[in-house]
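Note sheet for the following structure.
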Number of protein chains: 2
Amino acid sequence: MNIPQNIRIKEVGPRDGLQNEQVVLSAGDKIAWIDMLSETGLSYIEITSFVHPKWIPSLADALEVAKGIKRKHGVTYAALVPNAKGLERALEGDIDEAAVFMSASETHNMKNINKSIDETLPVLKEVTTEAAKAKRTARAYLSVAFGCPYEKTVPLDRIIRIVDTLFDMEICELSLGDTIGAANPVQVELMLEALLKRFPKEKIALHFHDTRGMALANMLTAMNMGITAFDGACGGLGGCPYAPGSSGNAATDDLIYMCAQMGIETGVDLGKLLAAARWIEEKTEMKLPSRNLQAAKSTGIIS
Amino acid sequence: MNIPQNIRIKEVGPRDGLQNEQVVLSAGDKIAWIDMLSETGLSYIEITSFVHPKWIPSLADALEVAKGIKRKHGVTYAALVPNAKGLERALEGDIDEAAVFMSASETHNMKNINKSIDETLPVLKEVTTEAAKAKRTARAYLSVAFGCPYEKTVPLDRIIRIVDTLFDMEICELSLGDTIGAANPVQVELMLEALLKRFPKEKIALHFHDTRGMALANMLTAMNMGITAFDGACGGLGGCPYAPGSSGNAATDDLIYMCAQMGIETGVDLGKLLAAARWIEEKTEMKLPSRNLQAAKSTGIIS
């Protein structure tokens, strides 16, 4: 096994986890949760989305949340940004990094963004350019890269073409999304073999969902190939409203536990992260999918 | 990646899954479930335990179950057997294979079997010898091999010493148990590196619990090292009553799905297995931990 000494975790729970939950959380509760996450040792938190509230009503309080959180030194606070107008609001909220997004399949892109892929790219370009002018970094998500609920397999050459264009925008990192939780380790290996021939491994992150239980197996495969950046959601909160059957981001807690056991440093305190997971579980009144959270509860490590 | 073309799954749900459930199932329901499992393509099912009902009251109907199931050609029907007396009853139930068991740590062995390790080995020897006389095979479980809830780490040299003795008994397979679901991929690799120097890979099976989400990552690691036999429980049913915090056998459903996606043959029909998982979920009135079962329900693939 050829695992890295340390990995970087991008905590996306406050955005990806809360964007489509049935339970509506107050801005105050979101702020309290993000402040808890800031104290866990996480160095990156995607705190909200500046997509129009018409599309993501549960994150309509984006600006209030961005302005309300305590900024911890050393933590990058990012937000999802759909377009130049969204970036304006995000900058008003003083976010450190803009996360732009699009899908690898035309159908998912159309359902999610209401544009074709070719229509979307210039919109993202505008955001990354304006972000750079404002001295902010930009990250790009490419959704359904490992499988689309509508088009099933997305051809690798299309993914490479899109990734080429995204890196031309000078994004600091690309996050490849397994939006429906269908990726398997062989597929991850094939995808990375192709991408790592063209793009630096330091700029590629992976975003898995644990819908079918393979998130950690996929991450392990990617780690063995030199990938060191992974998205996760505290407690395994989340899913995607436009991806039927998508349920549960990879739980940051499970990733951190596995890394700790394997001697890989994450910088995150598992106890504090589990406390944050338990807190949001109680607030949302849902049993969250994180295995470590449920194990910690059943063993009485947390109540 | 160096994965096998096919793997052999040992379905332990009817025994390991039901032995400590709070919900008491009728013998008729157990028989109906095993008969469903026999039709999924599984080639091995551990159907019950002939441990004294004082210790496992929920499987007191072992003989009735063993006599009641329909035997499908090509399926091996095994049962847990603690000692010669248990084997007598198991043979009365016409089981194909006796699964003997012990723990790698003294404390867990004492709590589980009420004997020291040295006192246990001759008892197992008697079972395997008598089973051979009756022309049945014997398999051995070594529990808490990857970590003990009482003694924490179990030294590798002790494990090797026990495994040596077990293979001297002419068991057909050793199943190394991660009873508390604490094994991680690096540990699995180190353990197998040591064991595969001494014992044939065809005779080693792995028994993971998904307590902390690492079951599939661990199995993938083992597959890459040539292991082709894995225990699983339909739906992820189960745990261990003497291992605090143990919860959830690796779900056979999740293993089969991952294998199917990776092109590894298991011979099992996932749809039929999920139907069996859904059936036992409804009977036990518990939400089972199998990711694929929950995904299939949420997407309406099964109701």
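From A:Ala84, A:Ala104, which residue is surrounded by fewer than 21 Cβ atoms within 10 Å (Cβ to Cβ) and touching a residue at least 24 places away in the same chain (Cβ under 8 Å)?
A:Ala84
Out of region A:179-197, which residues are outside any helix (DSSP H, G or I) and within 16 Å of B:Cys259 (Cβ to Cβ)?
Result: A:Ala182, A:Ala183, A:Asn184.
If we scan region A:49-68, do we find a residue that is closer than 30 Å to B:Val186 by Cα and in contact with an Asp or Glu (Cβ under 9 Å, 6 or more places away or on another chain)?
No, because not a single residue in region A:49-68 is closer than 30 Å to B:Val186 by Cα and in contact with an Asp or Glu (Cβ under 9 Å, 6 or more places away or on another chain).
Out of region A:198-211, which residues are modelled with pLDDT of 95 or more and not in a helix (DSSP H, G or I)?
A:Arg198, A:Phe199, A:Pro200, A:Ile204, A:Ala205, A:Leu206, A:His207, A:Phe208, listed by residue number.
Just wondering, is there one or more residues in region A:134-146 that are surrounded by fewer than 17 Cβ atoms within 10 Å (Cβ to Cβ), under 29 Å from A:Thr76 (Cα atoms) and not charged (D, E, K, R)?
Yes: one or more hits.
What do you reckon, is B:Asp231 on the phi < 0 side of the Ramachandran plot, assigned to a strand (DSSP E or B) and among the acidic types (Asp, Glu)?
The answer is yes for B:Asp231.
Need the failing condition index for A:Glu130 against (1) charged (D, E, K, R); (2) out of contact with any Leu (no Cβ under 7 Å at 6 or more places or on another chain); (3) in a helix (DSSP H, G or I), just the number.
A:Glu130 satisfies every listed condition except (2).
Scan A:Val186, A:Val163 and give me the residue that is of a type outside the set (Gly, Ala, Ser) and more than 30 Å from B:Leu293 (Cα to Cα).
On inspection, the qualifying residue turns out to be A:Val163.
Select from region A:238-289 the residues that are modelled with pLDDT of 95 or more, away from chain B (no Cβ under 13 Å) and part of a loop (DSSP other than H, G, I, E, B) and list them in ascending order.
Across region A:238-289, the qualifying residues are A:Thr266, A:Gly267, A:Val268, A:Asp269.
Could you list all residues from region B:290-303 that are assigned to a loop (DSSP other than H, G, I, E, B) and surrounded by 23 or more Cβ atoms within 10 Å (Cβ to Cβ)?
B:Ser290
Considering only residues that are of a type in the set (D, E, K, R) and facing another protein chain (nearest Cβ under 9 Å), which ones fall in region A:290-303?
Across region A:290-303, the qualifying residue is only A:Arg291.
Every residue in region A:93-110 that is assigned to a loop (DSSP other than H, G, I, E, B) and small (Gly, Ala, Ser), please.
A:Gly93, A:Ala104, A:Ser105
Could you please find all residues in region A:105-130 being of a type in the set (A, V, I, L, M) and under 21 Å from A:Glu88 (Cα atoms)?
Listed by number, the residues that qualify are A:Ile113, A:Leu121, A:Val123, A:Leu124, A:Val127.
Within region B:259-273, how many residues turn out to be buried (at least 18 other Cβ atoms within 10 Å of the Cβ) and in contact with a Ser or Thr (Cβ under 8 Å, 6 or more places away or on another chain)?
So the count comes out to 3.
Just one of B:Cys172, B:Cys148 is more than 14 Å from chain A (Cβ to nearest Cβ), touching a helix residue (DSSP H, G or I) at 6+ places or on another chain (Cβ under 8 Å), modelled with pLDDT under 95 and closer than 25 Å to B:Leu121 by Cβ; which is it?
Just one listed residue meets the conditions, B:Cys148.
Do we find that B:Lys30 is under 19 Å from the mean Cα position of the chain (by Cα), free of Cβ contacts under 8 Å to residues at least 60 places away in the same chain and surrounded by 20 or more Cβ atoms within 10 Å (Cβ to Cβ) in this structure?
Yes.
Run down B:Asn184, B:Asn109 and say which single residue is within 14 Å of chain A (Cβ to nearest Cβ), touching a helix residue (DSSP H, G or I) at 6+ places or on another chain (Cβ under 6 Å) and among the polar types (S, T, N, Q).
After applying the criteria, what remains is B:Asn184.
Could you count how many residues in region B:224-237 are at the interface with chain A (Cβ under 10 Å from one of its Cβ atoms) and modelled with pLDDT under 95?
Qualifying residue count, region B:224-237: 1.
Using beta carbons and a limit of 6 Å, which pairs, at least six apart or on different chains, have the first residue in region B:281-303 and farther than 22 Å from B:Val24 by Cβ and the second one at pLDDT 90 or above and part of a loop (DSSP other than H, G, I, E, B)?
Every condition considered, the pairs that remain are B:Arg291/A:Arg212; B:Arg291/A:Gly213; B:Asn292/A:Arg212; B:Ala295/A:Thr211; B:Ala295/A:Arg212.
Check whether at least one residue in region B:213-222 is in contact with a helix residue (DSSP H, G or I) (Cβ under 6 Å, 6 or more places away or on another chain) and either more than 14 Å from every other protein chain (Cβ to nearest Cβ) or assigned to a strand (DSSP E or B) (or both), and report yes or no.
No, that holds for no residue.
Quick check on region A:111-125. Is at least one of its residues assigned to a loop (DSSP other than H, G, I, E, B), surrounded by 23 or more Cβ atoms within 10 Å (Cβ to Cβ) and more than 17 Å from the chain's Cα centre (by Cα)?
no
Mind counting the residues in region A:47-58 that are over 16 Å from A:Glu92 (Cα atoms) and not polar (S, T, N, Q)?
Within region A:47-58, residues that are over 16 Å from A:Glu92 (Cα atoms) and not polar (S, T, N, Q) number 5.
Out of A:Gly213, A:Gly238, A:Gly177, which single residue is over 21 Å from A:Ala78 (Cβ atoms) and surrounded by 21 or more Cβ atoms within 10 Å (Cβ to Cβ)?
The conditions single out A:Gly213.
Mind checking which residues of region B:187-210 are within 14 Å of another protein chain (Cβ to nearest Cβ), farther than 23 Å from B:Ala138 by Cβ and surrounded by fewer than 23 Cβ atoms within 10 Å (Cβ to Cβ)?
B:Gln187, B:Glu189, B:Leu190, B:Glu193
The values are calculated or read from the model by the stated rules, or taken from the named source; none is laboratory data. Remember, it's a predicted structure, so these values are computed and weren't measured experimentally. So basically every Cβ, Gly included, is an ideal-geometry build from the backbone, and we count neighbours across all protein chains shown.
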